[in-house]
Amino acid sequence: MAWIAVLLCLCCLSGCEAQPERYAASYWDSFDTLIEIIGYEKSQDAFDSSMQRAHALLLRLHAVFDRYNAHPGVAGVYALNHAGGQPVQVEPELLKLLSEWRALNDSGGQAAPVNPALGTVIDIWKEYREQNAAVPDMDILQAANLHTSQAAIQIDMEMGTVQLMDAQMQLDLGAMAKGYAVEQLAQLLDDIMPAYLINAGGNVRAGKPPQDGRAHWTVALTDPAQPTDHLMRLGIEDLSVVTSGGYQRYYELNGVRYHHIIDPSTLMPGDRYLQTTVIMKDSGTADYLSTALFLLSYEEGLALAQSLGADAVWVMPDGTIQMTSGAQALVIDGAK
Ligand code: AMP
Ligand code: MG
């Protein structure tokens, strides 16, 4: 009897609550990549119900930002690209992303190499990459480049409309949309499951630390020279780590690699770095910046990152590493 009383009493003191445990989920059906979410919850049921909301949000944002498939009833990128130059009352998430993108490009001064209107040029490279047989002729790229002027994207925030003044223009939001979606997801998880790690193919966002006594989440940067290895590991909480690299999507001809991040000044894949990584809280801005840094000179990129409060890591063509002091402070091991 006394036994039971003591047990009951211990239960009262501790509240008899289950301790949070680690759960994981993964999805293949949005943003053309594997999206993994790890989180700490009190039960599988609690985790599953958080994931139901997380997954619904991912599917919604995928439908808004996907340019390759029609999504009936969704006024997203596909609808806008097929509107024949007419104004479209777009989904609020698209309006917001385009206006944030524009503000980021304006803040960068003259050098704004990340252009949401580069779709026609990106399409040529995608077609040649899939055929894996040749490098596109410059006159084909230049003809496509006649339809990439950012000034032709008319955004009316009050009316909620976007108009592509050039009917042949194709928006491609691939440089920022995944990070933007991950940030929306992070903001949802902050409310319902604050200790989490999201990994969306090179785009990581951490919330509060894991609830197992560790002080932070550990994330590895891929070694661009040997993508099955890691370059260094960082310890993070409440931060995004977003990487752009020429090893992520490419084809090779005669020993030359042609990858998916296109320098608008040459219309060729950027060749300044093997990899760039941005570390800051907002995952959308980090995604924009990782692509921008990949295309900018080190000095321009450093100035842009600093102006936006971001830390960064650059891997040069010879494999040497440059990083800001804030990035260095997060390194656990591995930085050469
Ligand atoms: P990320 O992996 O975030 O660096 O983004 C690369 C993706 O952004 C590519 O797959 C293209 O869809 C798109 N992209 C490539 N080059 C550019 C560019 N100069 N400006 C805007 N988007 C680009
Ligand atoms: Mg990016």
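The values are calculated or read from the model by the stated rules, or taken from the named source; none is laboratory data. Keep in mind the model is a prediction, meaning the values are calculated, not measured. Ideal geometry is used to build each Cβ from the backbone, glycine not excepted, and the neighbour counts take in all protein chains shown. Just the protein is used for accessible areas: all its heavy atoms, side chains included, with ligands, DNA and RNA removed. Shrake-Rupley method; radii C 1.70, N 1.55, O 1.52, S 1.80 Å.
Checked against the criterion of being within 16 Å of ligand 2 (Cβ to nearest atom), closer than 28 Å to S30 by Cα and either without any contact (Cβ under 8 Å) to a residue 40 or more places away in the chain or not small (G, A, S) (or both), region 149-158 contains not a single residue that satisfies it. Only one entry in Y273, Y251, Y258 is open to solvent by less than 60 Å² (accessible area, probe 1.4 Å) and in a loop (DSSP other than H, G, I, E, B), namely Y273. Among the residues making up region 187-204, those that are in contact with a Lys or Arg (Cβ under 9 Å, 6 or more places away or on another chain), within 16 Å of ligand 2 (Cβ to nearest atom) and outside any loop (DSSP other than H, G, I, E, B) are I198, N199, A200, N203.
Exactly one residue out of A335, A327 is open to solvent by less than 10 Å² (accessible area, probe 1.4 Å) and either modelled with pLDDT of 95 or more or farther than 21 Å from I198 by Cβ (or both), and it is A327. The residues of region 78-112 that are in a helix (DSSP H, G or I) and over 30 Å from E300 (Cα atoms), listed by number, are Y78, A79, L80, N81, P92.
Results for (1) within 12 Å of ligand 2 (Cβ to nearest atom); (2) over 13 Å from the mean Cα position of the chain (by Cα), shown as yes or no for each residue.
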position	(1), (2)
W217	no, yes
H230	no, yes
S240	yes, no
Y250	no, yes
N254	no, yes
D263	no, yes
V278	yes, no
Y288	yes, no
F294	yes, yes
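Evaluate region 291-302: report whether one residue or more is open to solvent by less than 10 Å² (accessible area, probe 1.4 Å), among the aromatic types (F, W, Y) and assigned to a helix (DSSP H, G or I). Yes, that holds for at least one residue. Of the candidates K208, K178, the single residue that is basic (K, R), at pLDDT 95 or above, more than 15 Å from ligand 2 (Cβ to nearest atom) and open to solvent by 40 Å² or more (accessible area, probe 1.4 Å) is K208.
Being β-branched (V, I, T) and in a loop (DSSP other than H, G, I, E, B) holds for only one residue in V121, V162, V182, V135, and it is V135. Among the residues in region 72-85, are any surrounded by 11 or more Cβ atoms within 10 Å (Cβ to Cβ) and either at pLDDT below 95 or on the phi > 0 side of the Ramachandran plot (or both)? Yes; the residues of region 72-85 include at least one that is surrounded by 11 or more Cβ atoms within 10 Å (Cβ to Cβ) and either at pLDDT below 95 or on the phi > 0 side of the Ramachandran plot (or both).
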